[in-house]
Structures are given as structure tokens and as C-alpha cells.
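Since every read-out is calculated from the coordinates, none of them should be taken as a lab result. Bear in mind the structure is a predicted one, so any value in this text is a computation, not a measurement. Please note: Cβ atoms are built from the backbone with ideal geometry, for glycine as well, and neighbour counts cover all protein chains shown.
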Amino acid sequence: MNTSQPANAQAILEGEALHAFMDQAHDLLQQEDETSPIAPAERQAAVMELLSQQRFAPATVSELERLHDLWLDLERPETANALLREHRDATLQHLQGDNRLLATASLALSDIQSRLRFDREGGVALLAPAADLMGRLPHTGEPYRYWNGWHYLAREAQAWELAEQGVDLQRNHERSDPDGETSPARRDARASLRKAELARLRGDVPATVRHVQAATAQLALADADQNVDFDDWLHLAREVLPLAPQSVPAVLMAAQQHLARTESPAASQAVRAHRKVHEARLQAMACHAMGQPEAALQLAELGRFGLVDDSDDAFSGLVLQWLQEAGRLADAADLALESVLHSRPGSARQGYELALRMVDSDTAHAPAWALILAWAGLDSDMQEILEDSPAAARSADDYLALARAQAPGHPLLDMIDGWRLARNHQWEQALPLLERGVGEQPRHANSELLPMLWAARFAALPAAQALQRPFPQGFGAHWCYAAGVTLDDEDDLAAIMGEGRQVPGDEVREPLVQRYYEEGLARFEAFWASGQGRYKDAHLHVYSMLCNNLAIKYRSQQRYEEAAALHHKGLSSSPFAEHHDGLLWCAIRRDDRPGIVTAAEQLWHFTQDYGYSRHCPTDYFPSVALALYQLGRAGEIGIWLERLDQWFEELDADEQREQRRDYLAALMSLLDFFSESHGDVVRPRLEALLPEVRALGECYTLRRLACAMESCGPIDQAVALHREAIAKLTPDDSEAEHKMARDGLQRCLKLHSDSKPWWKLW
């Protein structure tokens, strides 16, 4: 049968016209059943009618494969396969070398795909030659995509022996890549996992476990050069979980042993605690999969903490399901209430939907279910989360009334009432309610309610009276951090308080900010030591940000040792550039010259590798140059000159105009310290930049140029430039700048006199 030339066809479709036709056919087939008035069977018939009216001449592999896949969508595999065989040679004839090889491999997979649907034996027979073809693909052509297709088809065919052989063939192909074996352990483990999956699919439990054990051993054999880290082990454990849940503990134990041997430096206490949360979750899920629900719930207590990479709190949602299955409705209600009150996307949705089902039937815990539904109806964050969830049967106020009737005096009622009044800036009425709610329920005093209570105090009371009130604690380390951030920012606090309310000055807020940061730090570190705390006490990045913010406070108080210790803690948990910047300024303020150079190196390289939006080399390069000069290492200043030029050249034109003055000032400083040992390099740059530096009309930059001239230029010119610099002094220049300008001239005059022959002194 000639599938491309129906008797009634009028025109040949090719190129763009063919793709346009395919788009039309695809759109018709893919219409949502809810929106389309045409039934799926009728849409299929319409597409087939369209096909019968056309004549096709696919000229490329992509055109041919689109037609092939369309016939498959129409459940006509024989027609699809015939079309493929008819046009295969024509689409390949103009291709050469690797391009022909890749196209041939793609068509071979399509051939197997359609053939398996009407001729399984024939499709299986094509798998082995196709695998041989995959093994000859160029490594530059992303062969893994073709191999993945092959593995899928082998599983679909249930050709288990061939599928396992294919895993080994792919691994051999990978080993032939000269640039692809930086970490062979990862690929070996992945291959064993693929075999484990095949064994599971064919119901061979012992083989599944055996291959999982092999994957574990292969990853454990990786030396330090392969950089197998905790994330690699975490990925392995997650892959093992559905295959052989009983093997998860062994994988986690192997991970601990391997990292203890290869990780350098060793993980900090914070990172180890973070990892324990991951491990507890996996162990809990493994226990549940093995039919051990009580063990799963016990481990879940250790795993239900918010981590950097799971902001939706999906694990709490899973625990909610387990609690319901176990009939522990009191615990389920408590967890659901916590998730909803703090708007944790994944678990909050599940908590809300559970409350919908239980509010009328579970009378023992009706107040909690009612409070959940009330808050869901009031809070804008929850309304966004629940956009696609079923609507509650009653209003938020009705549910609040139900909670009041069944649990009068519940502290959350005060908290919710106070929150509603505060949102309308009715501070006098809100304050006593918030005081009781937050005071009696600190476990719910989150990053919104803590600042709101302070806003109420500052709005309704004189500052002195507000400070006399009991200090409202945040039971969560993250909440302490967030409260400190809000209180530290006048604009943020003003936005909460509303117009017409005076935000207290820094002298009032600063001690509160620091106290919250210090309490947050203590709560984080208590969690690292004990594993006990509130939801986000395991959040490494929040901890790192808190360390940075508190270090800034300590630096302003000249507590440089404590500040540096905090920056090191932050770097050991979740590194970012601000910590390197902070360590540098601690070293500068302590005049720690070796420390300045080390910290500057670390900051520069971190910025190059990861970026830093506030990176400004002109702020610290002069300090680095001075330190190197004082250490007798002035020759290294040339490296920093190159870096300064590199940074400036990478700016766009607008940024260069904005930064030009600071760049020149830093450049003159570096050239000054570099000139003594490398005058021949410095002199041409000074001469080239002299007109621009003069045009700036400021003392500092001209003075630094004059200092550089002392070492490498005519001393007469240096004296003249020092005098020019003094002439540019203004009242806005610091007292230190005035002194350095005068001292510079006197030093230069002495050099000038010392350099004259004796007979010129008369």
C-alpha cells in the first residue's frame, strides 16, 4: 500500500506546508474534551479524513517522524510503519557522517516503536541491531537521548534479557567517551539502578536487591577526586526507595561512611543536622512502604522540618495522610492547623481539604477543623494556595463562630481577631488581642505576627511603654530572623503601621533587632545540636543569612572576632558572597594584612564563579594593595591591577560612566603601591591618565597619582602634582585627607632636595 499517495490527492505537502498541516492535525487531536464540542472518536475520524485528502513527500527525518507519530496517535501503527519504510531512504540520502548516523538511529527507534504495536516479535528482533547502532553514535550528539528511547522500548517489549544487555552496552559506550568519565562511579551506579528497575518490573525481588546493593557499592568506591557528594547519595536513596525500600537504611549508612572518608573539609554541625532531616524522611517513607506505619510516624517527627529545597512542605502533607490512615486525628488536626496558619503550599492544601471532610463528622476536634477553614477564608496567601480547591460550605465568620461555640477562650481566636483588626490599622483594639494571642501561642508567632505585634505596640503606645512590655518570643529560628529583618527596615515597619504612624528611631529598634537575631541564632544552633525545634529550624540558607545580618551588627560595634566567627558559620552552611565580603572587612578593620589578602582572594574568586550583584572592587582593592605593599609582596599588586581592569572592561557603557571616577581612584592607589618596584610599567599609565585625573578636579585621585610619580617619574613633576592636589582640597574632604595631602607634599619636597647634587643646594 502506498500510504503517501491516495487516489484523490491533489497536491504534495512538503516543507513548511507539511509542518503547518501537522500542527493543524495535532491541535485538533489534542483539544481538551471539556472545551471541544467534538467527541474524541469524531476528532480522530476528521484527522484521518484530512490525511486521506493529502499527498505527502517528507524530505527530512523530522517531517517523516511527525507523520509517523501522527498515525500512531490515530492508532494506525501499521500505516505509520509502512510510511516510515517507504520514505526512510529518501530522507537519509543527503545526510553524511555523524548526521546520517544520528538520523538513522532515530528512525530505527521509530521503526521499533510502531512495529511493537502490531508485530511484537519483529519489533523485538530490531532491538539488538538498534543497540549496536546506538553504541556507534558520536559522543557530541547527546547519545543518551537515543539510549533512553531504546531502554523505554525494550521495557515496553518486556524483552528483559535484551534490556539488561543494553544497559551494559550503553555503559561501554559511555566509557569510550574521552571527556565523559570524570565520575565513573555515578554512571556505574546509575547502570546498576537501571538493572534493578528491570528486575523489579519482571518481579525478581532478589535480583532487584542485588542490583541496588551493587549501585551502593559502586558509589561507595568513588574516591575524593570524583566529587561524589551528599546530593548524589540522596539521589541514589530516592531512586532505591520505590525499588527496594528495605535497602534504604544501608544506602544511607554507606553514604555516611563514604562522606566521612572523602569529604574535605568535613561537614559542619549545621549541614550534618540538615542531612539527618533528609535521612529521617527517607527512612520514614521506607518504613511506610514496608507496612510499618508506626515506625514511619516516629521517624517522621525527625524529618518534618523545612529545608532549602522543599518550600511546599510536601513531606508534612505525606505525614498528614499517614496520621489519617492511622486514625490519629488529634495529631492530624494539629499538624493541619499549623500548616494552614503558616500557609505552607503543599501541606496547607491537604490540611484544608482534610478539614473540609472532617469538620462536621469529627466533633472531638471540630474547633481545630473550624479554625483551619476560617483562616483559609481570611488569609490572602491561603486563598491563592486554594485557588483550585473545593469551596467551603460556610463563611470564615461562620467557622469562627463554630470554634467560639465549641472552644470559648481558645487563644487562636484572640490571635485571629487581633490580626484582622491590625490589618485594618485598628491598633488600639488589636493590641490586647495580639498580646494574648502571641503570648499564649508563641508556637504560632510567625514572621507576620511578631512584627505585627511590635507595630501595634509602637502605634498604640509611646516607645518607652512599648519597650516595657514583655519581649514576645518567636519559637521558630526563622521567625526570629524575619522579625529582626522587618524591625531593621524602617520602610517595612512603616508599611505595616500605616500612614500617620511614626516609626521609632534606630536607637529604639536596633536592640530589638539584635535580640531577635541572637535568639534566632541560639534556636538554630540548639536544633543543630539536638534535632528538636520548630519547622524551619533546619533551613541552612536562612541560618546563613541570619549569621550575616548579625555579623553586620557586630562589625558596627567593633566586635570583629565575633563577626568573623559568624561569617565562617554562614559559609560552612550555605555560602554566599556577603560572607566573604564581611570577612574581608573584618580583616581590614583589624589591620590583619595576611587576612586581608586571603579574604580578598576568596571574595574575588567566589564572585567570578557565582556572581555578586553588589561586588565593587574599587571599595577594597586599595586595601589589598596596601596590605601587599606592607607585607613586602608588592609584586603581586600586578595581579590585582589586571583584575581591576577586567572588572571595569566587563561593565556596560552606562556602568563604566557611572563607575569611572571610583575606578580611577582605585587605579591610582594600586599604581602608587606598585610604582616602587615596577616603575617602568606604571609610568606610561600615569602619563596617559594624567589629563583625565586632572579634569576630575579632586584631591584624592590626584594625590595618589603624585605619590606614584615620586617613585617612577621626574620628582619635579611629582612635587607640582602634590601642590595641584592640595589646591583641590575642599571643606568636604576629611581631616585625614587634608593631613595626607600636606604630608605628601612635605615628603616629596624632602625627596626632591635629597635627590639634588650638593652643588645645587647653594
- Considering lysine pairs in the chain that are 8 or more places apart or on different chains, how many have Cα atoms under 25 Å apart? 9
- Return one number: the angle in degrees, 0 to 90 and rounded to the nearest 10, between the long axis of the Cα atoms of helix 699-712 and the longest principal axis of the Cα atoms of the chain. 80 degrees
- Query: Which one of Pro345, Ala403, Phe315 has its Cα pushed farthest toward the positive end of the charge dipole of the range 310-408, where Lys and Arg give +1 and Asp and Glu give -1 at the Cβ?
  - Reply: Ala403
- Item | Pair-distance profile P(r), taking every C-alpha pair of the range 144-227, with 10 angstrom steps and integer % | 18, 47, 29, 6, 0
- 0 to 90° range, to nearest 10: angle between helix 679-696 axis and the chain longest Cα axis: 80 degrees
- Task: Arrange the peptides 231-242, 129-140, 255-266 so that the one whose residues have, on average, the most other Cβ atoms within 10 Å appears first.
- Result: 231-242, 129-140, 255-266
- Over every pair of different alpha-carbon atoms in the range 480-612, take the mean of 1/r and invert it; report that Kirkwood radius in Å. 15.9 Å
- Query: Asp231 to His139: extension gain in nm, 0.36 nm per residue of separation minus the Cα-Cα distance?
  - Reply: 30.5 nm
- Task: Sorted from largest down, give the three principal axis spans of the alpha carbons of the chain, whole angstrom values.
- Result: 115, 80, 57
- Item | Cα-based helix-to-principal-axis angle, 540-556 vs the chain, degrees rounded to 10 | 10 degrees
- Message: On alpha carbon coordinates alone, what is the Rg over Rh value for the range 448-488, Rh being the Kirkwood radius?
- Response: 0.97
- Item | Three semi-axes of the equivalent ellipsoid, the range 253-364, Cα gyration tensor, whole Å, largest first | 31, 16, 9
- Message: Which three numbers, in whole Å and largest first, are the semi-axes of the equivalent ellipsoid of the range 310-408 derived from its Cα gyration tensor as √(5λ)?
- Response: 19, 17, 10
- Query: With N residues in the range 590-701, what two-decimal value do you get for its Cα radius of gyration over 2.2 N^0.38 Å?
  - Reply: 1.07
- Query: Magnitude of the Cβ-charge dipole of the chain, K/R +1 and D/E -1, about the Cα centre, nearest 20 debye?
  - Reply: 1900 debye
- At q = 0.17, 0.22 Å⁻¹, what base-10 log of I(q)/I(0) does the Debye formula yield for the range 183-308 when every alpha carbon is treated as an equal point scatterer in vacuo? -0.88, -1.26
- Tell me what the chain gives for mean residue ellipticity at 222 nm when only DSSP H runs of n ≥ 4 count, each as -39,500 (n - 2.57), the sum divided by the residue total, rounded to 500 deg cm²/dmol. -23500 deg cm²/dmol
- Work out, step by step, the length gained on full extension between Glu636 and Asp388: first 0.36 nm times the residue separation, then minus their alpha carbon distance; give nm to one decimal. 83.1 nm
- Hey, what's the Cα Rg ratio for the range 637-762 versus the globular rule of thumb, 2.2 N^0.38 Å? 1.12
- Query: Any idea which of Leu219, Ser669, Pro242 is furthest toward the positive side of the dipole for the chain, if Lys and Arg beta-carbons carry +1 and Asp and Glu beta-carbons -1?
  - Reply: Ser669
- Förster-model FRET efficiency, 56 Å R0, Gln93 and Arg501, C-beta, rounded to 0.05: 0.10
- Query: Which whole-number percentage describes the relative contact order of the chain, with Cα contacts under 8 Å and a sequence gap of 6 or more?
  - Reply: 5 percent
- Query: Taking the Cα-to-Cβ direction at Gln426 and at Gln406 and moving 7 Å from each Cα, how far apart do the two end points lie in nm?
  - Reply: 2.6 nm
